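Trainee: My questions will all concern the structure given below.
The values are calculated or read from the model by the stated rules, or taken from the named source; none is laboratory data. On a predicted model such as this, the values are computed, not experimentally measured, just so you know. Here the Cβ positions follow ideal geometry from the backbone for every residue, glycine too, while neighbour counts run over all protein chains shown. Ligands, DNA and RNA are excluded from the accessible area calculation, which covers all protein heavy atoms including side chains. Shrake-Rupley method; radii C 1.70, N 1.55, O 1.52, S 1.80 Å.
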Amino acid sequence: MALTGKSAVVTGAALGIGKGLSEVLLQNGAKVALLDVKESAGQSLVESLNQQHGTGSALFLKCDVESEEQLKAAFQKATETFGGIDILCNNAGIMNEATWEKAVSINLMGVIRATYIALEHMSKLNGGKGGVIVQTASLAGLGPFPSCPVYTATKSGVVGFTRAMAAASAVSGYGIRFNALCPTFVQTEMITNIPARLGQFSHLNEVAEQLKEKLGVLSVSDVAESLLELVTDETKNGEALMILTKGKAYMQFPSP
Ligand SMILES: NC(=O)c1ccc[n+]([C@@H]2O[C@H](COP(=O)([O-])OP(=O)(O)OC[C@H]3O[C@@H](n4cnc5c(N)ncnc54)[C@H](O)[C@@H]3O)[C@@H](O)[C@H]2O)c1
Ligand SMILES: CC/C=C\C[C@H](O)/C=C/C=C\C=C\C=C\[C@@H](O)[C@@H](O)C/C=C\CCC(=O)O
């Protein structure tokens, strides 16, 4: 899929990885609707992006992925503004074991919620053009992160949901590819003050620090450039792309 003239929706786009995903999509010719709860940061980012890429290239929509109503309104506005949706990046997420129900609601349920609304706009079975949906999972979605079991569960669920939706789409004829980004630590707000985010597992902060020391920390652009291959390579469906500081690799899963 060439990106020129395509339209994307990115959740959690005001900061961090979502900001980087939005920027790389715009740099490659796509128009982007940036969804986030952080209205001030989102609005000022979009003003800057429109100055860089031309008025009308980027649109900010205040949207909480926990809200079906807000997601439906945001997708409708994006479709009306850009004439359709070709790409969805389900990126919004939190890491806080003390508020684990919220983490499940955002990281996993928010991905499912946004995906199902996107199907209404993108699926060829609904008159859509098809496209690609990329989730921002995590390396913790591929293996257990002892310091944050619920975060691990949400990301493992995102990887499983992505692979199942890819298979469902191929059989159903949605015309939509589903892939997951699985990065290790990335330099964003999420990895600041990790001990305060571990809840009853704060005694395992040292495990997290050792993992961070061992695995290193990616830049946002490391993740953003990986998005491009998942979006543009039409052969990629059902993939989980592991992104480490030492390189990238597509996960091989056991076949039944
Ligand atoms: N930073 C890392 O080390 C790392 C590594 C792997 C995966 N991830 C994943 O990448 C994604 C982005 O994380 P980040 O590191 O950029 O974090 P971040 O905290 O810098 O940015 C997250 C963004 O999501 C937004 N957001 C949070 N809850 C939301 C909601 N309910 N509705 C809409 N927007 C919401 C925030 O306002 C923020 O702008 C997350 O899914 C995270 O789990 C992060
Ligand atoms: C505290 C979490 C902060 C941010 C979450 C974000 O998604 C970053 C995740 C970064 C790394 C995840 C690592 C997960 C590793 C698992 O694969 C696990 O299998 C490794 C567990 C122990 C390894 C110990 C070792 O090999 O020495």
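Trainee: Given the condition within 21 Å of A2 (Cβ to Cβ), crowded, with 16+ Cβ neighbours inside 10 Å and of a type in the set (F, W, Y), answer yes or no: does some residue in segment 77-85 qualify?
Mentor: Yes; the residues of segment 77-85 include at least one that is within 21 Å of A2 (Cβ to Cβ), crowded, with 16+ Cβ neighbours inside 10 Å and of a type in the set (F, W, Y).
Trainee: For K246, indicate whether it is more than 21 Å from S147 (Cα to Cα), in contact with a Gly (Cβ under 9 Å, 6 or more places away or on another chain) and of a type outside the set (A, V, I, L, M).
Mentor: Judged against the criteria, K246 is a match.
Per-residue answers, yes or no, for (1) in contact with an Asp or Glu (Cβ under 8 Å, 6 or more places away or on another chain); (2) away from ligand 1 (no atom under 12 Å from the Cβ):
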site: I194; (1), (2): yes, no
site: F201; (1), (2): yes, yes
site: E209; (1), (2): no, yes
site: A224; (1), (2): yes, no
site: T232; (1), (2): no, yes
site: K236; (1), (2): yes, yes
site: E239; (1), (2): no, yes
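Trainee: If you go through segment 189-216, how many residues are part of a loop (DSSP other than H, G, I, E, B) and near ligand 2 (Cβ under 9 Å from one of its atoms)?
Mentor: 1
Trainee: Here is a further query. Spot the failing condition for N237; the list is (1) in contact with a strand residue (DSSP E or B) (Cβ under 9 Å, 6 or more places away or on another chain); (2) open to solvent by less than 40 Å² (accessible area, probe 1.4 Å); (3) touching a residue at least 60 places away in the same chain (Cβ under 8 Å), and only one is missed.
Mentor: Result: N237 passes all but (2).
Trainee: Pairs under 6 Å by beta carbon, first residue open to solvent by 20 Å² or more (accessible area, probe 1.4 Å) in segment 23-51, partner at pLDDT 95 or above and part of a strand (DSSP E or B), six or more apart or different chains?
Mentor: That search, which allows pairs on different chains as well, returns K31/S7; E39/K62; Q43/F60; N50/A58.
Trainee: Moving on to the next point. Select, from F161, F145, F178, the only residue that is part of a loop (DSSP other than H, G, I, E, B) and either farther than 29 Å from Q210 by Cα or near ligand 2 (Cβ under 9 Å from one of its atoms) (or both). Even if it seems obvious, please write down each step before you answer.
Mentor: Working: F161 fails: part of a loop (DSSP other than H, G, I, E, B); F178 fails: part of a loop (DSSP other than H, G, I, E, B).
The match here is F145.
Trainee: Sort out which residues of segment 119-151 are crowded, with 24+ Cβ neighbours inside 10 Å and over 30 Å from Q200 (Cα atoms), and write them in order of number.
Mentor: Answer for segment 119-151, where residues must be crowded, with 24+ Cβ neighbours inside 10 Å and over 30 Å from Q200 (Cα atoms): M122, G131, V132, I133, V134.
Trainee: Could you say whether any residue in segment 88-95 is over 17 Å from V37 (Cβ atoms), within 14 Å of ligand 1 (Cβ to nearest atom) and over 15 Å from the mean Cα position of the chain (by Cα)?
Mentor: The answer is no, given that none of the residues of segment 88-95 is over 17 Å from V37 (Cβ atoms), within 14 Å of ligand 1 (Cβ to nearest atom) and over 15 Å from the mean Cα position of the chain (by Cα).
Trainee: Considering only segment 15-93, give the helices (runs of 4 or more DSSP H) lying wholly within it that have at least 2 residues that are β-branched (V, I, T) and closer than 22 Å to L228 by Cβ. Show your work before the answer.
Mentor: On the way: elements: 16-27, 39-53, 68-82.
Per the criteria, 16-27.
Trainee: List every residue pair whose Cβ atoms sit under 8 Å apart, with the two residues 6 or more apart in sequence or on different chains, where the first one lies in segment 184-201 and is closer than 28 Å to Y250 by Cα and among the charged types (D, E, K, R) and the second, anywhere, is more than 7 Å from ligand 2 (Cβ to nearest atom) and part of a loop (DSSP other than H, G, I, E, B).
Mentor: From segment 184-201, the pairs are E189/L15.
Trainee: For residues in segment 217-234 being in a loop (DSSP other than H, G, I, E, B) and over 20 Å from L15 (Cα atoms), which is least open to solvent (accessible area, probe 1.4 Å)? Talk me through it step by step, then tell me what you get.
Mentor: Of the residues in segment 217-234, the ones in a loop (DSSP other than H, G, I, E, B) are 217, 219, 233-234.
Filter once more, keeping what is over 20 Å from L15 (Cα atoms): 233-234.
Details: D233: 50, E234: 115 Å².
Residue satisfying both the conditions and the ranking: D233.
Trainee: Further question on the same structure: When you look at E101, is it charged (D, E, K, R), surrounded by fewer than 21 Cβ atoms within 10 Å (Cβ to Cβ), within 15 Å of ligand 1 (Cβ to nearest atom) and assigned to a helix (DSSP H, G or I), yes or no?
Mentor: Answer is yes for this residue.
Trainee: Further, regarding this structure: Take the conditions under 14 Å from the mean Cα position of the chain (by Cα) and not basic (K, R) and apply them to L34. Does it pass?
Mentor: It is true that L34 is under 14 Å from the mean Cα position of the chain (by Cα) and not basic (K, R).
Trainee: Next question. In the set T115, T154, which member is open to solvent by less than 10 Å² (accessible area, probe 1.4 Å) and either within 12 Å of ligand 2 (Cβ to nearest atom) or over 19 Å from F82 (Cα atoms) (or both)?
Mentor: T154 is the lone residue from the list that is open to solvent by less than 10 Å² (accessible area, probe 1.4 Å) and either within 12 Å of ligand 2 (Cβ to nearest atom) or over 19 Å from F82 (Cα atoms) (or both).
Trainee: I'm told A73 meets every condition in (1) within 21 Å of Q27 (Cβ to Cβ); (2) open to solvent by 50 Å² or more (accessible area, probe 1.4 Å) except one. Can you identify the failing condition by its number?
Mentor: (1)
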